[in-house]
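The values are calculated or read from the model by the stated rules, or taken from the named source; none is laboratory data. Because the structure is a prediction, the values reported are computed rather than measured. Here Cβ is always computed from backbone atoms with ideal geometry, including for glycine, and neighbour counts include all displayed protein chains.
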Amino acid sequence: MSAPDSNPYLRDAVLTATPEQLHLMLYDGAIRNATQAREAILRKDYETSYEKLTRAQHILLEMQNGLNRDVNRELCDRVAAIYGFLYHKLVDANVHRRVEDIDDALKVLRIERETWQILVDKVNRIRQGTDPDEYEPGGRDEPGLRTTPDSSADSAPVTFSAQG
């Protein structure tokens, strides 16, 4: 990897990013490295593919190690399983030099990144006070539930549970 000072833009972006944006950057790094490894395998440049796949694997391990199971153990276990699947797909791609394994991993990584981008956008709207779906502590909404506005005082609220 290059020295942190070799790219001042990247250094500043990392130092000023929110935790949500940092996580998005990790997805970007994993996708970029896996894509470059795929291209290297097609060129039969196995040294570069090994290096890039190893970087992507390390990113996934960091993401998995960064999960905070104290907040929501079940959700973290599910996300950890996804990261484990991705990690093993990239290991298999590295060992067997199969672009199909990289393609499988990239499909999931891109979906996860897109989902994370939606979360980042929502968090930004909440921080700016522009999100109409924002949960108000002490309000009539309960954690894990979202209610739709009542059209009349007599109608019952419609609830959606975030729990299975």
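Some observations on this one:
- Residue in the range 72-95 that is closer than 24 Å to Lys122 by Cα and either in contact with a strand residue (DSSP E or B) (Cβ under 7 Å, 6 or more places away or on another chain) or among the small types (Gly, Ala, Ser) (or both) present: yes
- Of all residues in the range 5-60, those being hydroxyl-bearing (Ser, Thr, Tyr), closer than 22 Å to Gly84 by Cα and within 19 Å of the chain's Cα centre (by Cα) number 3.
- As for the range 108-129, it holds at least one residue that is modelled with pLDDT of 50 or more and not in a helix (DSSP H, G or I).
- Any chance Leu42 is in contact (Cβ under 8 Å) with a residue 24 or more places away in the chain, under 13 Å from Ala93 (Cβ atoms) and exposed (fewer than 15 other Cβ atoms within 10 Å of the Cβ): yes
- Verdict on Leu67 being within 16 Å of Val108 (Cα to Cα) and surrounded by 15 or more Cβ atoms within 10 Å (Cβ to Cβ): no
- Boolean, Leu75 is modelled with pLDDT under 95 and hydrophobic (A, V, I, L, M, F, W, C): yes
- Subset tally (residues that are of a type in the set (D, E, K, R), closer than 15 Å to Leu26 by Cα and surrounded by 18 or more Cβ atoms within 10 Å (Cβ to Cβ)) for the range 98-112: 1
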